[in-house]
1. Can you pull out the helices (runs of 4 or more DSSP H) entirely within segment 242-338 that have at least 2 residues that are in the same structural domain as ALA214 (by TED's automatic domain parsing) and under 30 Å from GLY168 (Cα atoms)?
2. Please find, within segment 207-217, the residue that is nearest to ASP41 (Cα to Cα) out of those that are loosely packed, with under 15 Cβ neighbours inside 10 Å and modelled with pLDDT under 95.
3. Given the residues ALA115, ALA103, ALA109, which is the only one that is surrounded by fewer than 24 Cβ atoms within 10 Å (Cβ to Cβ) and either within 13 Å of LEU39 (Cα to Cα) or of a type in the set (A, V, I, L, M) (or both)?
4. Taking LEU65, is it within 26 Å of GLY290 (Cα to Cα), crowded, with 22+ Cβ neighbours inside 10 Å and at pLDDT 95 or above?
5. Quick one: which residue in ALA103, ALA89 is within 21 Å of the chain's Cα centre (by Cα) and closer than 21 Å to ALA180 by Cβ?
6. Taking into account only those residues within segment 181-201 that are under 17 Å from GLN226 (Cα atoms) and touching a residue at least 40 places away in the same chain (Cβ under 8 Å), which is surrounded by the fewest Cβ atoms within 10 Å (Cβ to Cβ)?
7. Can you confirm whether SER135 is polar (S, T, N, Q), more than 14 Å from THR260 (Cβ to Cβ), surrounded by 18 or more Cβ atoms within 10 Å (Cβ to Cβ) and under 21 Å from the mean Cα position of the chain (by Cα)?
Amino acid sequence: MSTTMLNRRALLAAGLALPSFAIAGRAGAADAPLKIGVLCDMSGIYADDTGPGLVAAVQVAVNELGGKIGNRPITIVSADDKNKPDVGADIAARWLDKDGVSAIVCASASSITLAVASLCKARNKALLICGSLSSDLTGSQCSPMSFQFSLDTYAGPKSVIAPTIREGAKTWYIINVDYAYGISLRDEGSKMIEASGGKVVGATSFPLGTTDFASQLLQARTSGAQAIALACGGADWSNLCKQAHEFGISEGGQRLVTLTGGINEIQAVGGDLCAGMIASTPFYWDLDEGSRAFSAKFRALLGGRFPNWQQANGYSSVLHWAKAVAAAGTDDGSKVGPAMRATPVKDALIDGAAIRVDGQVMRPTYLVKVKPETAKGRADIFAHVGTLSAEQSWRPAAESACPALKPA
């Protein structure tokens with residue numbers, strides 16, 4: 001199936017009108033379309049977190065740009081990576097080598113995004129990371145072409161572990177999805193638990209897309225751990241949380257702790273089962289006037305659905321990339337990359353965040369607490385309880401494995 005057809009289906013599935021400028025650009029190369037590829041899970045366990053919603057968020061950014069950069073119209077193409085590294089890498093390679101895609105917005109499973117990062121680096125094309133959390137993306141596998149707008153497996157657990165331990169949960173059991181993202185989240189979380197005075201008494205993993213968590217939950221319950229950390233996302237997170245309540249985890253005195261879960265996962269479970277749970281997020285639709293304004297535009301394109309942080313990152317990343325393309329006068333990544341790092345990220349959602357050499361957008365993160373189901377409407381999920389500065393949120397440069405951050 002062609003990329004154009006995939007794009008058309010994704011937009012129609014999202015309830016979006018096809019952009020009027022998507023077929024423009026038969027003039028000379030100076031007026032040829034600039035293609036942005038949106039690669040993520042469109043139909044599987046992460047489709048609610050990313051999927052057509054990520055396409056919609058990118059469309060909001062394109063609309064704000066007037067549909068073009070200079071004289072060049074912007075075309076959005078999209079594809080379903082099906083949570084398979086070979087599928088995602090093949091799509092990205094075709095986009096870059098044959099279809100003229102200038103930048104890839106990626107919110108794929110980390111194993112896919114790490115492969116796509118290598119492709120973008122080799123071809124000097126920007127990779128805008130919006131929902132892939134492996135810390136290797138700004139660590140050992142950092143690239144001058146990669147830009148991390150998302151949470152990662154360091155920032156996600158950092159703001160929730162220490163407060164939970166201070167409240168008395170000293171012993172921990174971790175349940176993680178068994179691929180790069182979940183393994184990194186387990187390992188990062190374990191270090192933070194120990195550093196904060198807690199102890200990891202056990203861990204178990206599960207394959208992506210598991211539907212029966214009886215074995216993992218039985219092990220967690222019998223461990224006697226005071227806190228059970230969920231190191232996963234999407235439908236895996238929601239199913240695991242629901243089954244934990246069926247197992248009576250909370251009634252037995254054990255506390256569920258989410259290391260990266262967001263609004264979609266909690267809506268799927270219900271605020272009544274998650275009330276009081278704390279989480280870290282770089283965006284919440286009701287945080288301030290800017291987030292509410294973006295969310296109104298997003299909801300108008302996606303049938304009233306509310307955006308999450310992954311989708312909001314798609315909006316911010318495309319706007320910043322477009323500004324860099326305009327400043328550089330080209331979509332050549334070797335010039336766009338430095339232009340992106342030279343200018344702080346500033347839009348309705350991010351207020352002047354620098355981009356570090358490793359590609360990390362140095363933005364604040366927010367500590368939120370889940371409200372009960374009785375709050376006004378199902379989207380009114382979180383109460384904002386604290387803000388962590390960029391320096392508090394992200395891994396210190398001195399501790400990074402990124403070669404670009406090492407002393408010469």
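The values are calculated or read from the model by the stated rules, or taken from the named source; none is laboratory data. Being a predicted model, the structure only gives us computed values, none of them experimental. Quick reminder, even Gly has a Cβ in these numbers, built from the backbone with ideal geometry, and neighbours come from all protein chains shown.
1. Hits in segment 242-338: 263-269, 271-274.
2. My answer is GLY209.
3. Every option except ALA115 fails the conditions.
4. In short, no.
5. Going through ALA103, ALA89 in turn, the sole match is ALA89.
6. Among those residues, the one meeting the criterion is ARG186.
7. It is false that SER135 is polar (S, T, N, Q), more than 14 Å from THR260 (Cβ to Cβ), surrounded by 18 or more Cβ atoms within 10 Å (Cβ to Cβ) and under 21 Å from the mean Cα position of the chain (by Cα).
Residue by residue, here is whether (1) of a type in the set (Asp, Glu); (2) farther than 30 Å from ASP351 by Cα; (3) modelled with pLDDT of 90 or more holds:
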{"site": "ASP236", "(1), (2), (3)": "yes, yes, yes"}
{"site": "GLY252", "(1), (2), (3)": "no, yes, no"}
{"site": "THR260", "(1), (2), (3)": "no, no, no"}
{"site": "CYS274", "(1), (2), (3)": "no, yes, no"}
{"site": "ALA296", "(1), (2), (3)": "no, no, yes"}
{"site": "TRP309", "(1), (2), (3)": "no, no, yes"}
